[in-house]
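The values are calculated or read from the model by the stated rules, or taken from the named source; none is laboratory data. Note that the structure is predicted; figures quoted are calculated from it, not measured. Cβ coordinates were reconstructed from backbone atoms using ideal geometry, including for glycine residues, and neighbour counts include every protein chain displayed. Accessible surface is based on the protein model in full, side chains and every heavy atom, while ligands, DNA and RNA are left aside. Shrake-Rupley method; radii C 1.70, N 1.55, O 1.52, S 1.80 Å.
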Amino acid sequence: MKYSLLFAALASILIVMMIGFFTFREALPAFRDIGLGKLLTESVWRPGQGQYGILAMIIGSGLVTAGAVILGVPLAIGCAIFLSEIAHPKVRAIVKPCVELLAGIPSVVYGLFGMVIIVPIVRGIDVPGNTGFGLFSASIVLAVMILPTITSVAEHAIRSVPKEFREGSLAMGATKWETIQKVIIPGARSGIISAIVLGLGRALGETIAMIMVIGNSVIIPAASTGNPLSIFLSRARTLTGNIAVEINYATGLHESALFATGVILFVLIMIVNSSAKYLMSRGKLEKSY
């Protein structure tokens, strides 16, 4: 039994290594013929003319992720505080499964929701060239998608704060809200940050819903008016969307460049997940003192 469980654990490591090896092997021709520097720094993606810059997609992925974090994190942290510190057990028994259910909804359903509900609303913003499809619509959809991840991890972090902290603060005369604001949230800071980082990794890897609402134009997003926030009404394309849209007909160096995009995305997500694990372990270490 012990060896069966060990095999199961090793199998997951082997699968990750095989995926990484296969993706890197297929990307090697692109790294060799195009070069990592050109891939990362050039903004023009025209495979038919031998131009393979993915800078526009990197910026698109970064902006939509930033938008989702800005919109989703306050909602998720507020929900986590409510569930862990304020909600009556009966209310919590209703709200928590609903939040968790969001994690099980297929991303294509989020995309349909975005196309039918979010895009027409965003289209109503009176800005030249605004079609509704773009970074803002994608950020709203993505904010909802990362909500369960951040809420669950942050709630666990808040519940892990020792009860002596709460009791000590209340005994000193602090109110419930002052205890949450000045004792519990600082005590769960590392866990909350790691929850945000995990949500960020989830946002970076999302594909189908983004393809459906972001517009899929390979351009560097730019503000269409004097207001810099109008940049979020610009169309864009993400790294994941670039692979999903073109991999079916790509051949030769074009196909290899898409695998190289996957390698870069793989590395980015590994960095994000490793950062989250480091922060979580740091939080546990701080609590042990």
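The number of residues in the range 218-244 that are open to solvent by 70 Å² or more (accessible area, probe 1.4 Å) and over 22 Å from the mean Cα position of the chain (by Cα) comes to 3.
Any residue at all in the range 160-181 that's free of Cβ contacts under 8 Å to residues at least 60 places away in the same chain, surrounded by fewer than 22 Cβ atoms within 10 Å (Cβ to Cβ) and at positive phi? Scanning the range 160-181, I find at least one residue that is free of Cβ contacts under 8 Å to residues at least 60 places away in the same chain, surrounded by fewer than 22 Cβ atoms within 10 Å (Cβ to Cβ) and at positive phi, so the answer is yes. Please verify whether Leu135 is open to solvent by less than 70 Å² (accessible area, probe 1.4 Å) and more than 29 Å from Thr225 (Cβ to Cβ), treating the condition exactly as stated. Considered against the rule, which asks whether it is open to solvent by less than 70 Å² (accessible area, probe 1.4 Å) and more than 29 Å from Thr225 (Cβ to Cβ), Leu135 comes out as no.
Pairs linking a residue in the range 139-150 that is farther than 14 Å from Gly78 by Cβ to a residue that is assigned to a helix (DSSP H, G or I) and among the hydroxyl-bearing types (Ser, Thr, Tyr), with Cβ atoms under 6 Å and 6 or more positions apart or on different chains, are Val141/Tyr110; Met145/Tyr110.
Within the range 238-255, residues that are among the charged types (D, E, K, R) have Cβ atoms under 9 Å from residues that are part of a loop (DSSP other than H, G, I, E, B) in these pairs: Glu255/Ile247, counting only partners at least 6 apart in sequence or on another chain. Residue count for the range 245-258, restricted to those that are open to solvent by 40 Å² or more (accessible area, probe 1.4 Å) and in a helix (DSSP H, G or I): 4.
The set of residues from the range 7-32 being over 27 Å from Ile54 (Cα atoms), open to solvent by 90 Å² or more (accessible area, probe 1.4 Å) and either among the aliphatic types (A, V, I, L, M) or touching a residue at least 24 places away in the same chain (Cβ under 8 Å) (or both) comprises Leu10, Ile13, Leu14, Ile15. Restricting the range 35-76 to residues that are crowded, with 20+ Cβ neighbours inside 10 Å and under 30 Å from Val161 (Cα atoms), the residue that is farthest from the chain's Cα centre (by Cα) is Ala76.
Scanning the range 162-188 for residues that are under 26 Å from the mean Cα position of the chain (by Cα) and of a type in the set (A, V, I, L, M, F, W, C) gives Ile184, Ile185, Ala188.
When you scan the range 151-238 for helices (runs of 4 or more DSSP H) that lie fully inside it, which ones turn up with 1 or more residues that are of a type in the set (D, E, K, R)?
163-171, 176-179, 189-205
The single condition from (1) without any contact (Cβ under 8 Å) to a residue 40 or more places away in the chain; (2) under 28 Å from Met212 (Cα atoms) that Pro89 fails is (2). Residue count for the range 197-210, restricted to those that are β-branched (Val, Ile, Thr) and either open to solvent by less than 40 Å² (accessible area, probe 1.4 Å) or modelled with pLDDT of 90 or more (or both): 2.
Residues satisfying the criterion are present in the range 84-103 (criterion: more than 30 Å from Ala244 (Cα to Cα), open to solvent by 40 Å² or more (accessible area, probe 1.4 Å) and among the small types (Gly, Ala, Ser)).
Within the range 33-55, residues that are part of a strand (DSSP E or B) sit with their Cβ atoms under 6 Å from residues that are among the aliphatic types (A, V, I, L, M), at 6+ positions apart or across chains, in these pairs: Trp45/Val218; Gln51/Val44; Tyr52/Ile34; Tyr52/Ala257.
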